[in-house]
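For reference, the structure is listed below as structure tokens.
Readers should treat all values here as calculations from the given coordinates under stated rules, not as data from a laboratory. If you're wondering where the values come from, they're calculated on a predicted model, not measured in any experiment. All Cβ positions, glycine included, derive from the backbone under ideal geometry; neighbour counts span all protein chains shown.
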Amino acid sequence: MLKLNKRVAYRFIDDETIFLNLDTDSYYSLNRTGTFVFKKIVEEEKNVEKIAGELAEKEGVAFEKCLADVKELVEDLINEQILVRNAI
């Protein structure tokens with residue numbers, strides 16, 4: 001399970017998301033597709049496979065491509081300390 005780092009502030013602006021890591025003072029932004037993925041993780045608590053399936057259907061792209069892209073984005077968000085893995 002993934003969750004938002006408590007030390008990260010974010011705002012939705014149009015179809016994008018802007019983040020500020022309060023520990024590192026780093027900014028990060030997501031485009032429309034990244035924002036779709038982020039909302040599914042944080043607001044709906046969906047896993048990457050479900051998100052990739054919804055994204056593939058929404059965008060008309062192969063599931064495997066979406067899954068690889070969603071996994072890559074999640075790893076980027078973890079590396080940027082925006083998301084953290086939540087031990088169950």
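Data for the structure
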quantity: Angle in degrees between helix 48-59 and the longest Cα principal axis of the chain, rounded to the nearest 10; calculated: 60
quantity: Span from the the stretch 1-16 Cα centroid across to the the stretch 47-86 one, whole angstrom; calculated: 15
quantity: Normalised contact order of the chain, rounded percent, pairs of Cα under 8 Å and 6 or more residues apart; calculated: 34
quantity: Sequence of Leu22, Leu2, Leu83 once ranked by neighbouring C-beta atoms within 10 Å, starting from the fewest; calculated: Leu22, Leu2, Leu83
quantity: Within the chain, longest stretch free of exposed GluC sites (Glu not before Pro) [DSSP loop, at most 14 other beta carbons within 10 Å]; calculated: 46-88
quantity: Kirkwood hydrodynamic radius of the chain, from inverse mean 1/r over distinct Cα pairs, in Å; calculated: 13.2
